[in-house]
Amino acid sequence: MNKAPPPEIKQFIYEHRVGRMATAADTGLPHLIPFCYAYNDPFLYMALDLKSKKVPVQQLKRVKNILANPNVAILIDDYFENWDRLAFVLLRGQAELISKGNEHDHAIDLLQKKYPQYKKMGIDRCHVIKVTLSAYSTWKENEQPSTL
């Protein structure tokens, strides 16, 4: 990242369990999905697990979009009925697929430690999306927005 987020923002990212990733096709058409992730600053990793996919990995819309346009945006947020507690972190970065090697194995290990469900799913054989984070902005009720 141009400037690393402060420790409290890193903690927010690390502790949350679900984010939403936006990709865009080469035509600019957006695509948004929820995902589970592991954070290892400045990287986010997500497994392309096999739980409900009926198409090859390369045919998944998010993968096709990343291959055509690696720029992604990721939103990690808190919603509460008490709006004084609303908060989000918006991350931007470059996505790529990794399928083997030390970094792939490390990403799988991080994901399995965070989500025990992955230990039973054989994700070590799955591709991983790696996002190299490059910018962030934050918002929390009763605080000034931060954009870097």
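Remarks
- Applying the condition of being out of contact with any strand residue (DSSP E or B) (no Cβ under 6 Å at 6 or more places or on another chain) and under 18 Å from Ala135 (Cα atoms) to the stretch 10-42 and asking which residue is surrounded by the most Cβ atoms within 10 Å (Cβ to Cβ) yields Tyr39.
- Flag for Lys100 being assigned to a loop (DSSP other than H, G, I, E, B) and surrounded by fewer than 16 Cβ atoms within 10 Å (Cβ to Cβ): yes
- Residue within the stretch 52-66 that is within 16 Å of Trp139 (Cα to Cα), more than 16 Å from the chain's Cα centre (by Cα) and surrounded by 15 or more Cβ atoms within 10 Å (Cβ to Cβ) present: no
- Pair list, Cβ < 8 Å and 6+ apart or interchain, from the stretch 75-91 residues that are among the acidic types (Asp, Glu) to residues that are at pLDDT below 90: Asp78/Arg85; Asp84/Glu141; Asp84/Asn142
- Meets criteria (small (Gly, Ala, Ser) and more than 18 Å from Arg20 (Cβ to Cβ)) for Ala95: no
- Cβ separations smaller than 7 Å between residues 6+ apart or across chains give the following pairs from the stretch 111-126 residues that are basic (Lys, Arg) to residues that are surrounded by 13 or more Cβ atoms within 10 Å (Cβ to Cβ): Lys114/Ala38; Lys119/Gln112.
- Subset of the stretch 105-130 (residues that are part of a helix (DSSP H, G or I) and either of a type in the set (A, V, I, L, M, F, W, C) or within 19 Å of Ile74 (Cα to Cα) (or both)): Ala107, Ile108, Leu110, Leu111, Lys114, Ile123
The values are calculated or read from the model by the stated rules, or taken from the named source; none is laboratory data. The structure displayed is predicted, hence computed values, not measured ones. Cβ coordinates were reconstructed from backbone atoms using ideal geometry, including for glycine residues, and neighbour counts include every protein chain displayed.
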